[in-house]
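One structure is given below, encoded as structure tokens.
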Amino acid sequence: MTRYATALAGDPAQTYRSVDLAARTGGADPHALVSLLYEEAIRALRSAAWATNNRQYAMKGERVTRATAILFALEAGLDYEKGGDLSQTLSRLYTGLREQIVNASIGQDAQPFLNAAASLTDIAEAWEAVRPR
């Protein structure tokens, strides 16, 4: 019997997340995309904390990489002309969180990942509160 392998056949949970992410980003407004980036970064940081506590080092590395990449994307999307001081403040926050995450990635303490996730949760909630309806 021939078995056909596809990129979607490996991990059903990952396949679902990929399909869900694609569906949620297609045609989304910029505000919703930023919200999605916050959500994904928070999820990655919580997963990194779990992986740290459970000695799943490959997963920890993947989640740290994802979280830092998202923080770079969030920073790259800042509009310094329109955002002024707020953009500068967010830039410093994202830079500080990246440093915290990278430093935590070489240790065995999950708390810095949870602290970073909590900070991003606060920002995400504020972002949602100002979302145009």
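The values are calculated or read from the model by the stated rules, or taken from the named source; none is laboratory data. Everything numeric in this text was worked out from a predicted model, so none of it was measured. Note that we place each Cβ from the backbone using ideal geometry, even for glycine, and neighbour counts take in every protein chain shown.
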L33: among the hydrophobic types (A, V, I, L, M, F, W, C), closer than 26 Å to E125 by Cα and either outside any helix (DSSP H, G or I) or modelled with pLDDT of 95 or more (or both), yes or no?
no
Going by the structure shown, is K82 surrounded by 18 or more Cβ atoms within 10 Å (Cβ to Cβ) and either farther than 16 Å from L37 by Cα or among the β-branched types (V, I, T) (or both)?
no
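Can you tell me which residue is nearest to the chain's Cα centre (by Cα) among those in the stretch 101-114 that are of a type outside the set (D, E) and surrounded by fewer than 16 Cβ atoms within 10 Å (Cβ to Cβ)?
Step by step, filter the stretch 101-114, then rank; the result is V102.
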Quick test for you: out of L120, L74, L93, pick the one residue that is over 19 Å from D29 (Cβ atoms), modelled with pLDDT of 95 or more and within 13 Å of the chain's Cα centre (by Cα).
L120
Can you tell me which residue in the stretch 48-62 is surrounded by the fewest Cβ atoms within 10 Å (Cβ to Cβ), limited to those that are in contact (Cβ under 8 Å) with a residue 24 or more places away in the chain and touching a helix residue (DSSP H, G or I) at 6+ places or on another chain (Cβ under 9 Å)?
G61
Output the number of the condition that E81 fails; it satisfies all remaining conditions of (1) assigned to a helix (DSSP H, G or I); (2) farther than 20 Å from H31 by Cα.
(2)
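Which residues, taken from the stretch 69-103, are in contact with a Pro (Cβ under 9 Å, 6 or more places away or on another chain), over 17 Å from A124 (Cα atoms) and touching a residue at least 12 places away in the same chain (Cβ under 8 Å)?
Q100, I101
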